Amino acid sequence: MTGLDGDRLMDWVERLAMFLAQDGVPPIAGRCLGWLMVCDPPEQSAAQIGAAISASRGSLTTNLRVLMAMGFVNKRTRAGERTAYYRVDDNAWEKVVQRQVASLTSFRELAADGMALLGPGSARSARIQEAHDTFDWMAKVFDNAPPRPSSKGV
């Protein structure tokens, strides 16, 4: 960990895991992601990840699959080796946010369908209207946001 205090680095990995846990990401998955964000080399085997975050092989397999399904991590092999290596996917954060923005639009449409089903003016429709309006506002914010500056070369 050239030049970095290992305890401070692992404290950061744990903070990231606890932050993601607030949104339902399992703590081990959060630790895996945190480690893969800061490790050197950037591709790590399950054994390397497990040693770094003190996790069992079984829990790693499950949680690395979660991270792959979420679009954060990809798995690679090397010619002539049986070991799989994991790394943070290129543009992972942008891809995840884009998927979440698309989800906002989908939920807004689902809420509109619910309001049409219940008809205007009812208490039940008003509860759905609140959700619709919030997701509509958020979708518009993202639609009008400036493009993300390139982080290439950083």
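Among the residues making up segment 121-143, a single one is among the hydroxyl-bearing types (Ser, Thr, Tyr) and outside any helix (DSSP H, G or I): Ser122. From Ile53, Ile49, which residue is of a type in the set (A, V, I, L, M, F, W, C) and in contact with a Lys or Arg (Cβ under 7 Å, 6 or more places away or on another chain)? The unique qualifying residue is Ile53.
Residues in segment 121-154 that are surrounded by 14 or more Cβ atoms within 10 Å (Cβ to Cβ), free of Cβ contacts under 8 Å to residues at least 40 places away in the same chain and touching a helix residue (DSSP H, G or I) at 6+ places or on another chain (Cβ under 7 Å): Ser125, Ile128, Gln129, Ala131, His132, Phe135, Asp136, Met138, Ala139.
Where a number appears in this text, it was derived from the coordinates with a stated rule and is not lab data. Since we're looking at a predicted model, the values are computed, not measured. Heads up, the Cβs are rebuilt from the backbone with ideal geometry, glycines too, and the neighbour counts pull from every protein chain shown.
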